[in-house]
Amino acid sequence: MSSVALAQIDDFKVVAGAKPNPTIAARQDSCVRRTIEVLSAAGDFAARGLLSGSFIYAHPPDYRGRPTLHFSGAEWRILFRELKELGLDTVIWQASAWLELEECYYPSKAMAGFKQWNVVGPMIEAVNAEGMTLYLGTFGVLNRAVSLGVLDGDIGKAVEVAERELKCYQELLNLYGGGFHGYYLSTEVGYSPRGNPRKYAHYGVFFERITQCVKELSPEIKILSSPVVAESAGHEAEAMDRLLECFGRAHVDIFAPMDCIGQVSDLGMLEANLGVWKGVCKATGAEFWVNCESFLISDLQGCVVQIEAADPKRFLYQLTVADRLGAKKLVTWEAMHFMDPHGAPKSQALRQAYLRHCASVRQSRGISQVKN
């Protein structure tokens, strides 16, 4: 039985939205107002920064998105060409299975009890046909507090889940080895001054075990993680210490921290939050990327989370801050949906605004076209 509340969409499940909570609603309103204030103060800033890649998936774990559960290879190639039109050359596959959803997106014996679709195989074939770089996510955990033993203090659960992920990876390696170029740690982690301090030790054991074995199995590939720092202003030193507790013994080559602005995080804290991750990268020797969120969660409450494409100016501001801080690459969550050329009006508007931004940046750099 799942440790999270679930909702059914078509033939798949997602995590259900939160129950109505006036505190959550008030926090959302406050962050929206803060975003308006920050952008107003920024005025007509000179936007900079270009995306290199996007996350992709079988389906998002907590809303509808643009499901690919039944995509053919031809449909995947159409999608990848849409991304290449945006100048993207890298895709990050979010997860090949979800523990709490009990879903798996490739033919698996290790997860025989999960509902299964054949999605990873056609996706990998299309990635290689289109000449793109793929970071492959394997086994994802949504309710980390329960599944990794944080709530009951059982750190052995973190080890058990790590072993499940490694079994998943071994299957994927046997099926698709050579067809992907990197490993993505699907299970997310984040620092918050209000978080349970015990969780960082559990994450540390979890990530150390997984990354050590992945490197033993595939020493040639890079490991990428996309964690989060929220509300770090005034807590920067503590945030650094906690995140090094998570990753100091792990073998992570690239951190692409979520900026969390799409999740109604305070835009005014963006630079401080990313600055913490820049410090973590320096301390661990990892590359510093940034995951700039191209969406806005408009309602966390209800049967399923309501989500839409971001305001273009807000998104360009995020890219600009990340670029100015020295991020080696910029990626985004789900350009396939929030910049879908045939999607909702806000998605189409964001795509067109971003394409105009690309043209402006290319012109300023003397580049004739986006490299596909």
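Things to note:
- Selected residue (only one of HIS235, HIS251 is at pLDDT 95 or above and either surrounded by fewer than 23 Cβ atoms within 10 Å (Cβ to Cβ) or more than 15 Å from the chain's Cα centre (by Cα) (or both)): HIS251
- Test: residue in the stretch 337-346 that is in a helix (DSSP H, G or I) and either touching a residue at least 40 places away in the same chain (Cβ under 8 Å) or within 30 Å of VAL280 (Cα to Cα) (or both): yes
- Residue among PHE114, PHE180 that alone is surrounded by fewer than 18 Cβ atoms within 10 Å (Cβ to Cβ), in contact with a strand residue (DSSP E or B) (Cβ under 6 Å, 6 or more places away or on another chain) and modelled with pLDDT of 95 or more: PHE114
- Considering the stretch 15-54, the residues that are free of Cβ contacts under 8 Å to residues at least 60 places away in the same chain, part of a helix (DSSP H, G or I) and of a type outside the set (Ser, Thr, Tyr) include one that is surrounded by the most Cβ atoms within 10 Å (Cβ to Cβ), namely ILE36.
- Residues in the stretch 205-232 that are surrounded by fewer than 21 Cβ atoms within 10 Å (Cβ to Cβ), of a type outside the set (A, V, I, L, M) and modelled with pLDDT of 95 or more: GLU208, ARG209, GLN212, CYS213, LYS215, GLU216, SER218, PRO219, GLU220, LYS222.
- Within the stretch 140-158, the set of residues being hydrophobic (A, V, I, L, M, F, W, C) and part of a loop (DSSP other than H, G, I, E, B) comprises VAL141, LEU142, LEU148, VAL150, LEU151, ILE155.
- Residues within the stretch 170-184 that are under 19 Å from the mean Cα position of the chain (by Cα) and either under 18 Å from SER108 (Cβ atoms) or charged (D, E, K, R) (or both), tallied: 3
- Residue check, LEU330 at pLDDT 95 or above and in a strand (DSSP E or B): yes
- Pairs where the first residue, in the stretch 196-219, is under 19 Å from TYR169 (Cα atoms) and the second is of a type in the set (Ser, Thr, Tyr) and in a helix (DSSP H, G or I), C-beta under 9 Å, 6+ apart: ILE210/TYR169; CYS213/TYR169; VAL214/TYR169; LEU217/TYR169; SER218/TYR169
- Test: residue in the stretch 196-212 that is in a loop (DSSP other than H, G, I, E, B) and touching a Phe, Trp or Tyr at 6+ places or on another chain (Cβ under 7 Å): no
- Qualifying residue in the stretch 185-201 (condition: over 18 Å from the mean Cα position of the chain (by Cα), of a type in the set (A, V, I, L, M, F, W, C), at pLDDT 95 or above and buried (at least 22 other Cβ atoms within 10 Å of the Cβ)): no
- Hits in the stretch 117-148 (condition: surrounded by fewer than 18 Cβ atoms within 10 Å (Cβ to Cβ), under 20 Å from the mean Cα position of the chain (by Cα) and under 14 Å from PHE80 (Cβ atoms)): THR133
The values are calculated or read from the model by the stated rules, or taken from the named source; none is laboratory data. What you are looking at is a predicted structure, and each value in this text was computed from that prediction instead of being measured. Note that we place each Cβ from the backbone using ideal geometry, even for glycine, and neighbour counts take in every protein chain shown.
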